[in-house]
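Some notes on the structure that comes next.
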Amino acid sequence: MGPQYGSDHAGFGCAACCAEDALVAGEHHQSRNGVRVERLIQDDSHFIVSVQRCGLCSQAFVSVFTEYVDWVGSQDAQYRTVLPITDAEADDLMAGRLSPHQVGALGDGRRHLKSDWPSGADEPSVYWGSGVFAVHEGF
Ligand SMILES: [Zn+2]
């Protein structure tokens, strides 16, 4: 029995980086030899966008990280979205033809790995989202 995939991410990634179980996929994305940063597109302290690539299957991803400083709480709210993209889309991002703010539209019909860590939560919740998503710069 191979991994079971939903129809909405057919063609993207492997059983590690696009594992049906978001926690399994998330672990692979965080591991040293899992999904590596290929190019930083934007590197502000509260808004980090990078092109990443799976070490196993070479699937490209765009990672959008947003942090909101919580001046009251001890832990800042952190949100990450990791969306599989085509090599052409990765090239466009790296060449500046595609802005980080436009990648949310690529989520249409495509699953993306979400990691939400609101201020005050003990740990992030990791899950597969789908559809167009908003790209916000943190503060
Ligand atoms: Zn992979």
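The values are calculated or read from the model by the stated rules, or taken from the named source; none is laboratory data. Everything quoted here is computed from the prediction, not taken from an experiment. Here the Cβ positions follow ideal geometry from the backbone for every residue, glycine too, while neighbour counts run over all protein chains shown. Note: areas computed on protein heavy atoms with side chains; ligands, DNA, RNA excluded. Shrake-Rupley method; radii C 1.70, N 1.55, O 1.52, S 1.80 Å.
May I ask you to say which residue of 64, 103, 51, 69 is β-branched (Val, Ile, Thr), modelled with pLDDT under 95 and away from the ligand (no atom under 14 Å from the Cβ)? It would help to see each step written out before you state the result.
Values: 64 fails: modelled with pLDDT under 95; 103 fails: modelled with pLDDT under 95; 51 fails: modelled with pLDDT under 95.
Unique residue meeting the criteria: 69.
Out of 126, 135, I need the residue that is out of contact with any Leu (no Cβ under 9 Å at 6 or more places or on another chain), of a type in the set (Val, Ile, Thr) and crowded, with 18+ Cβ neighbours inside 10 Å. Which one? Break it down into steps so the answer makes sense when it comes.
On the way: 126 fails: out of contact with any Leu (no Cβ under 9 Å at 6 or more places or on another chain).
Result: 135 is the single residue among 126, 135 that is out of contact with any Leu (no Cβ under 9 Å at 6 or more places or on another chain), of a type in the set (Val, Ile, Thr) and crowded, with 18+ Cβ neighbours inside 10 Å.
Return yes or no: is residue 98 free of Cβ contacts under 8 Å to residues at least 40 places away in the same chain, touching a helix residue (DSSP H, G or I) at 6+ places or on another chain (Cβ under 9 Å) and not in a strand (DSSP E or B)? Let's see the steps before the verdict.
Details: free of Cβ contacts under 8 Å to residues at least 40 places away in the same chain: yes; touching a helix residue (DSSP H, G or I) at 6+ places or on another chain (Cβ under 9 Å): yes; not in a strand (DSSP E or B): yes.
Here the answer is yes, as residue 98 does meet what is asked.
Just to be sure I understand, how many residues within the stretch 72-85 are β-branched (Val, Ile, Thr), under 22 Å from residue 22 (Cβ atoms) and away from the ligand (no atom under 14 Å from the Cβ)? Lay out the reasoning, then the answer.
If we filter the stretch 72-85 for residues that are β-branched (Val, Ile, Thr), which is where we start, we get 72, 81-82, 85.
If we keep only those that are under 22 Å from residue 22 (Cβ atoms) too, we end up with 81-82, 85.
From what's left, away from the ligand (no atom under 14 Å from the Cβ): 81.
Qualifying residue count for the region: 1.
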field: Subset tally (residues that are in contact (Cβ under 8 Å) with a residue 60 or more places away in the chain and outside any strand (DSSP E or B)) for the stretch 46-76
entry: 2
query: Take the residues of the stretch 12-30 that are away from the ligand (no atom under 12 Å from the Cβ) and in a loop (DSSP other than H, G, I, E, B): which is surrounded by the most Cβ atoms within 10 Å (Cβ to Cβ)?
result: 20
- request: List the number of the failed condition for residue 56; all other conditions in (1) under 19 Å from residue 115 (Cα atoms); (2) within 14 Å of the ligand (Cβ to nearest atom); (3) open to solvent by 10 Å² or more (accessible area, probe 1.4 Å) hold.
  value: (1)
- request: Would you check if residue 46 is within 11 Å of the chain's Cα centre (by Cα) and over 19 Å from residue 132 (Cα atoms)?
  value: no
field: Residue satisfying condition, being at pLDDT 95 or above, open to solvent by 50 Å² or more (accessible area, probe 1.4 Å), out of contact with any Leu (no Cβ under 9 Å at 6 or more places or on another chain) and at positive phi, within set 109, 96
entry: 96
message: Considering only residues that are within 20 Å of residue 131 (Cβ to Cβ), out of contact with any Phe, Trp or Tyr (no Cβ under 6 Å at 6 or more places or on another chain) and open to solvent by 40 Å² or more (accessible area, probe 1.4 Å), which ones fall in the stretch 79-93?
response: 79, 86
statement: Within the stretch 32-48, restricting to residues that are within 12 Å of the ligand (Cβ to nearest atom) and open to solvent by 30 Å² or more (accessible area, probe 1.4 Å), the one that is modelled with the highest pLDDT is 36
